[in-house]
Every structure is written in structure tokens, then in C-alpha cells.
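Quick notes on the structure that follows.
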Amino acid sequence: MTDLPRTPSFSLKGKTALVTGASSGIGQGCAVALAEAGAHVVCAARGADRLADTVAALQGQGWSAEAAVVDQGDLNALKHLFEDRAFDVVVNSAGTARHSPAVETTPEDFDAVTDVNLRSAYFLSAYAAKALMAAGKPGSIIHISSQMGHVGGVDRALYCATKHGLEGMVKAMAIEWGKQRIRINTICPTFIRTPLTQSTFDNPERAAWILEKIKLDRVGEVEDIMGAVTYLASDASALVTGTSMLIDGGWTAD
């Protein structure tokens, strides 16, 4: 009888996961995906009320979840999350944008966007990896990046700078932490329909530009991200690190 290979497990039973930006949109979708796969999910975000609603909804499905009210720009608060535990999975979905022509970007805009998209992402990764090393555990760190980490975009010089920087950061950290079996990757979505992006879709010119660039002729939905985050969190992606998963409908195929 031939010994056939077995598909690695996508189950996250017995795992703990931290998801930042978990109160809505992509972060909420990631929390759902990981909880549904069996992980205990710590949902982190700034807004206590929306966060509580998300956790209650997860628990209402019979899944294991708790809330952590955290401002991701507060590095001490981030560090505190890892003081007494090492998460098997960390998903960073917090992000911000201030789109404008590059010549109109202010230092305040620059600092606000880089603080969330790059500075906090850097230290969140470092805190997560340090806790895993101290516990002698492998782990998976996943950043929600963007297709704009691979291309440019109109009025998006600042946003692209942070996302291109995030992609380079992840590659370097993957090299440093590989021997400890700590994996780090990015998910790079196209425009995903969420409450935060609805104003863009309400602009006819921007909506037309988006649909012209997406080869599959539709915008993204939160559900399009959920399978990817489960894959990168699970043993099914055990040999995947230092790379990006583009979920862009073919935007970057040009």
C-alpha cells in the first residue's frame, strides 16, 4: 500500500491568538476566522464599546474570545500584552491613512500614519517574538499590509511609504527569527469594502479607478481575507515566512 501524504492541519485548537484592530472591518474578520478555527482570541482595539460587541458576538457563536482595550500607538500598553503570555498567533490589523498629494503632506500627517502603520507594527512584532523566544515556542506573526506595499497610488505617497517599509521590515525579521521557528508574513489586500473605505466607494471617480485596476472586476470583501489569515496562522503554512500574500484581484499583475 502506498503511503500518501497528509494535508497539514488548518485547525488552531489549543492556540492563543492576538488580533489588533479587531473591533471592525478586516480585523474583526480575522478574529472570526481564528476563533472559528479553534483559537482563543484576544481582540484588541481602542474603542471599548465596539470591541465588547465583537467579543460578545464571538462568544455567542460558542467561540473563545476576550477583549483588551489598547491604543496601538501606546508602546507600553502593547508591551504589557506580552508580559504574562506568548501568543501562538499575532495578527496586526490596525492601520490608518491620510491621503493627499505628496506636496501637501504635513509633518503631523507623516508622524500620525507612520506611528500606527510602521512604528507600532515594528514593536508589536518585536514584543511578540521576544515573548515566544522566552517561552521556547514557535509562532506566526501576520501583518495586514496592502497592495500599496508593492505599487504606488494617486495621493498615497505617505501610505505607500509605510506599507513598503512594512514589507521590508517583515523580510528582515523573518531572517532573524527563522531558526526559532517564528514566522512573519503579510497579507496585502486590494480595496476591501468596510465602513472605513465606504467613502472611497461613494466617490464615482475613485470607484471607477478601483474597478478598472482589479482584474476580477469586483472589490474585495472581508471574507476574502479570512481564509488567508487562517492559512498563515496554521501548520498548513509551516514553511512560509518573510513573504506577502497578495489578495488584490490581480491589481499588481500589470
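Nothing in this text is a laboratory measurement; each read-out follows from the coordinates by a stated rule. Given the structure is predicted, the values throughout are model-derived calculations rather than measurements. Here the Cβ positions follow ideal geometry from the backbone for every residue, glycine too, while neighbour counts run over all protein chains shown.
Okay, helix-only estimate at 222 nm for the chain: each DSSP H run of n ≥ 4 adds -39500 (n - 2.57), divide by all residues, round to 500 deg cm²/dmol; what do you get? Don't jump to the answer; show the numbers that get you there.
Values: 9 runs with 101 residues, N = 254.
Using -39500 (n - 2.57) per qualifying helix, the result is -12000 deg cm²/dmol.
Can you tell me the relative contact order of the chain? Whole percent, Cα pairs under 8 Å, sequence separation 6 or more. Before the final figure, lay out each step's value.
Numbers: 489 pairs, mean separation 51.6, N = 254.
The value is 20 percent.
Could I have the simple spin-label model distance between Leu4 and Asp84, label points 7 Å from Cα toward Cβ, reported in nm to one decimal?
Inter-label distance under the simple model: 4.7 nm.
Below 8 Å between Cα atoms, with a sequence gap of 6+, how large is the relative contact order for region 119-175 in percent? Walk me through the numbers on the way to the answer.
On the way: 28 pairs, mean separation 16.1, N = 57.
Relative CO of region 119-175 lands at 28 percent.
Determine the dipole magnitude for region 20-134: charges of +1 sit on the beta-carbon of Lys and Arg, -1 on that of Asp and Glu, nothing else is charged, the reference point is the Cα centre, and the result goes in debye to the nearest 20. List each step's numbers first, then the result.
On the way: 7 positive and 14 negative charges, 50 e Å.
I would put it at about 240 debye.
What is the angle, in °, between the Cα long axis of helix 120-135 and the longest principal axis of the Cα atoms in the chain? Nearest 10 is fine, range 0 to 90.
With rounding to tens, the tilt is 10 degrees.
Between Lys130 and His99, how many nm apart are label points set 7 Å from Cα along the C-beta direction?
With each label point 7 Å from Cα toward Cβ, the separation is 3.6 nm.
Only sites in a loop by DSSP and with at most 12 other Cβ atoms within 10 Å count here; which trypsin sites (Lys or Arg not before Pro) in region 45-131 make the cut? It would help to have the intermediate numbers written out before the result.
Working: sites: Arg46, Arg50, Lys79, Arg85, Arg98, Arg119, Lys130; in loops: Arg46, Arg85, Arg98.
The qualifying sites are Arg85.
Counting Lys and Arg as +1 and Asp and Glu as -1, each charge on the Cβ, what is the dipole of the chain about the Cα centre in debye, to the nearest 20? Mind showing how you got there, number by number?
Values: 22 positive and 28 negative charges, 167 e Å.
Roughly 800 debye, rounded to the nearest 20.
Which of the listed residues, Gly60, Ile175, Thr194, is farthest toward the dipole's positive end in the chain, when Lys, Arg count +1 and Asp, Glu count -1 at the beta-carbon?
Positive-most Cα among the choices belongs to Ile175.
By how many degrees, 0 to 90 and rounded to 10, does the Cα axis of helix 48-60 deviate from the longest principal axis of the chain?
Its long axis makes an angle of about 50 degrees.
Hey, what does the equivalent ellipsoid look like for the chain, semi-axes from the Cα gyration tensor as sqrt of 5 times each eigenvalue, largest first, whole Å? Intermediate values should be presented prior to the final figure.
On the way: eigenvalues 157, 91, 75 Å².
After scaling each eigenvalue by five and taking roots: 28, 21, 19 Å.
Within 10 Å of each candidate Cβ there may be at most 11 other Cβ atoms; applying that plus a DSSP loop requirement, which GluC sites (Glu not before Pro) in region 66-159 survive?
Glu83
5 Å is the cut-off here: which amide hydrogens, built 1.01 Å from N in the peptide plane, fall below it relative to Val90, excluding neighbours closer than 5 in sequence?
Hits under the 5 Å cutoff: Leu18, Ser140, Ile141, Ile142.
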